[in-house]
Every structure is written in structure tokens, then in C-alpha cells.
Ligand SMILES: [Zn+2]
């Protein structure tokens, strides 16, 4: 009797399993989502595809190409005359700070932010900044420090668990730096603040320990401030940092400005040099041959010249404007030299100020105009903001292009960004991992 009952159960289970199987097969198409539009940017080939159909299953792209058959029963999102492209990648963000120009520059803002805001409070600020990035089409960021102690890891986890809406985050935890980090002058008692924001290193042992500490804290990558004023991390320390990180297949982002710091970073073999507003030709050559990315955190000229220190006299204002103009000219010229030397560019905003009424995403996407003003072509800029960023983040297998198997991070614009990159400032449709974040094209805008 026992064995008969067991047999019946087995048969029932079989029938049940078959039913389940047929149900899932029959119902499969109902789970598919199709996004279609007039054009799609094939960022790898650098060409426009007409009448694209992107078939999405769950969080991933199942198929993408021109004129594909729409599977029966799939939910269709028709974006009409729009242009589809992969989600934007910002390789240099600071989501956990939002400085106020009225407080008078970086030094004052840093002290007030670190002294007054807990990492928890900053993570909540980061949730707002992240949502604003995502709504502007930035579906992935590499957040490079200035997050307090591990606030960026908390935000990354909150987003990936679906607690808050934001971009995918590659987090660096605290940046490694020479004594004082990037703080301005601090009284001795106030110098305890430095450790809330940076890990100070002065020896090769410190450097190795700091990298391992970062990974213990949950870092996906390492950020190093190679130079701040006359304080420069040594070549030996940089080499140890790169060795420790690369040993476990993680990347190193180096903040470096000027001949000495950029040369140390390039010689140590970092994965990206951030800013590099001043960089000599021999370093550019080394960057090109070692495949080190440059992340030019540049803005349109009017953004720099529009800035005036609070309480400045008309003369001071004039002086600032002239200095800014000169700075902009220099940075345009260095990006031109970098591209000509064959240095690969990954787009990064380094936005950390409240820019008037602009959202964080709206101000961060102004960088593409600056790249254009340095002579980069729209396609070079689009690739810098998508596939190059993906490679720098080591996520080229999941993001950076619209291809079968990749995550369905897709944005759309009314106009064609390969004709005018300013379209990237006006993203009207955002999908992250198959979820529609924003759709002002086939549905009325909700704000
Ligand atoms: Zn930065």
C-alpha cells in the first residue's frame, strides 16, 4: 500500500510538472517586452540602425536588430521617431555629496559635509542624486570616493535590493591619498575628519593595507588621489596599489593633474587617469600604449565662467573669469592632444555641486558638449559614454551596448545624438534592467 501511494504521488507529480512546463512555455511571450523606435545607435560599429526592435526578457536583452519579428503576446513599447541607445555610463561620480557654491568652494564644503553629515545621511542624499542621474539616462556610475566611510557601498546595496531607484554603482569606498587627503587647512584637532573621507598612506605597506581594507569594506575598485598641491603619492606606493588591486582583478582610478602626478600614475599602470587637465605628451603616449583611459571631467565654458566667488569685487570677478577662460582653453587643447595620441576616453562628470535648478543628471550630462568643443566627434563621445565606460568598469559583458545577453539598460532621445550630442542632455525614455524608469515619448511626462 505504501509503495502504491508513493507511485500515485509520483504520477501526480509528473502530471503537475508537465502542466507547469506547458504553462511556462505557452505563457513565455507574455513575459517579453519589445522596445521599438525609428533608429538605434550601434555603438560598437559606430552606425545608425533603422527600425530597430529590441526584445527583452526579464532584465536582459534577448534579441536586438533591425526589423525583427515582434513575438506574439509581447508587450510593445513603441517610441515612434525616437533614437535608442545603451544607457549612459558616468565613470566619475560623487553621489554622496552636493556642494553649495554659496559656502565658498571645495575646502569649506568638504569640512561642513564631513563634519556635519553622517554616512547614513549622505547615503540618503546619494539616493536623491542617484535617482536624478538615472532619470537623465545615466544607468551606471563609477562612484569614486567622497562618500564618508562606506556610504557608497550602502547606497549600492540599497539600489541593487530595490529599496531606492538609482543607477548601477561601481563603488570605490574611501580614496587613498597622501597626508590630509584633499582637505584644505585644518587645525590639529579637526584633522580627525580626514579619516572619515580618505585613507592616508605614506609607505608601500600603508598602500597595500589600504587596498585590502577597501576590498574588505566592499569596494569594487580603488581610487587614489595621486597629488594634492605639493603632496604626491610616490611611484613605489602607486605600484604597490596597482599590484594589490590587479592581483584580485580590480581596477585603479587615479586622480592626477600635472606632469609629475600623471607620469607616476601612467608608469604604475593604473586603469584610468582622472581629470589630467595638465598632462605632457610622453605620458599621453604611455597611456595610449598601456590602454589607460583618460576620464576628462570637463564642462562647457559658460559653466566655468558663470562661477563667481561669493562677495567678490568686480575686479576679482574679472580675474576669475579670465583664469577660467584660460583653464578651459588648456583643457580643450589637452583633450585634443589625448585623442590624437590614441588615448581612449571614458566619460566622467565629477559633478558634486548643486548647479542652480539643474538636477544632478542634468548637470552631469553637460560634459558631452565640452568634449565636442575639444573636437571629439559625436560617435567618439557616444562611445566614451557607453562602451568605453563599460570596459573601464570591467562590465563590458553586461552593459555598454544593446546586444543579446546584455542587461536591458536602454535610453531614447527624440533627436539623433550621432547628429547632435546635445540630445544626450535631453533623454526622454529610460529603461534599467528591463524596468521603465521614465517614458515621456509614448506616455505623457509625469512631471
Ligand atoms: Zn572627483
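Here is how the numbers come out for the structure above:
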quantity	calculated
Antiparallel %, DSSP beta bridges [both residues in segment 26-176], to 5	50 percent
Segment 315-375 - percent relative contact order, Cα under 8 Å, separation 6 or more	39 percent
Antiparallel bridge percentage (DSSP; both residues within segment 112-252; nearest 5)	15 percent
Among 318, 428, 128, residue whose mean-square fluctuation peaks in a GNM of the chain (springs only between Cα atoms under 10 Å)	318
The chain - share of DSSP beta bridges that are antiparallel (%, nearest 5)	45 percent
Between 0 and 90°, nearest 10: helix 259-268 axis offset from the chain longest Cα axis	40 degrees
Rounded to whole Å, sorted largest first: equivalent-ellipsoid semi-axes of the chain, Cα gyration tensor	41, 27, 21
Quarter of the Cα convex hull surface for segment 258-357, i.e. its orientation-mean projected area (nm²)	7.2 nm²
Segment 266-348, relative contact order [Cα under 8 Å, separation at least 6], %	41 percent
Residue with peak Gaussian network fluctuation, the chain [Cα springs, cutoff 10 Å], from 261, 404, 91	404
Rounded to 10°, Cα long-axis angle of helix 235-247 versus longest principal axis of the chain	10 degrees
Relative contact order %, segment 310-447, counting alpha carbon pairs below 8 Å whose residues are six or more apart	17 percent
Segment 229-297 and segment 106-134: distance between their alpha carbon centers, rounded to Å	27 Å
Size of segment 28-100 as Cα extents on the principal axes (Å, biggest first)	52, 29, 21
Scaled radius of gyration (Cα, divided by 2.2 N^0.38 Å) that segment 185-336 gives	1.19
Mean projected area (nm²) of the alpha-carbon convex hull when segment 345-420 is viewed from all directions	6.0 nm²
Rg and Dmax [Cα atoms of segment 344-388; Å; Rg one decimal, Dmax integer]	11.1, 33
Prolate/oblate/rounded call for segment 35-74, Cα gyration tensor, a/c under 1.5 rounded	oblate
Distance from segment 145-203 to segment 347-382 (C-alpha centre basis), Å	23 Å
Three-way shape label, segment 144-274, alpha-carbon gyration tensor, a/c 1.5	oblate
q = 0.33 Å⁻¹: log10 I(q)/I(0) that the Debye formula gives for segment 220-261, counting C-alpha atoms only	-1.17
Burial ranking of peptide ranges 130-142, 368-380, 177-189 (average Cβ count within 10 Å, highest at the top)	130-142, 368-380, 177-189
Per-residue [θ]222 nm for the chain (sum of -39500 (n - 2.57) over DSSP H runs n ≥ 4, rounded to 500)	-12000 deg cm²/dmol
Peptides 385-397, 101-113 ordered by average Cβ neighbours within 10 Å, highest first	385-397, 101-113
Whether segment 279-324 is rounded, prolate or oblate, judged on the alpha carbon gyration tensor where a/c under 1.5 counts as rounded	prolate
When the convex hull of its Cα atoms is projected in every direction, mean area for segment 176-248 (nm²)	4.8 nm²
Segment 88-166: Rg to Rh, with Rh as the Kirkwood radius over Cα pairs	0.97
Rounded to 10°, Cα long-axis angle of helix 314-340 versus longest principal axis of the chain	60 degrees
Among 402, 77, 222, residue whose mean-square fluctuation peaks in a GNM of the chain (springs only between Cα atoms under 10 Å)	77
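Values quoted throughout were computed directly from the atomic coordinates according to the rules given, and no laboratory measurement underlies them. A quick note: this is a predicted structure, and the numbers were derived from the prediction, not measured. Counting neighbours? That spans all protein chains shown, and the Cβs are built from the backbone with ideal geometry, glycine included.
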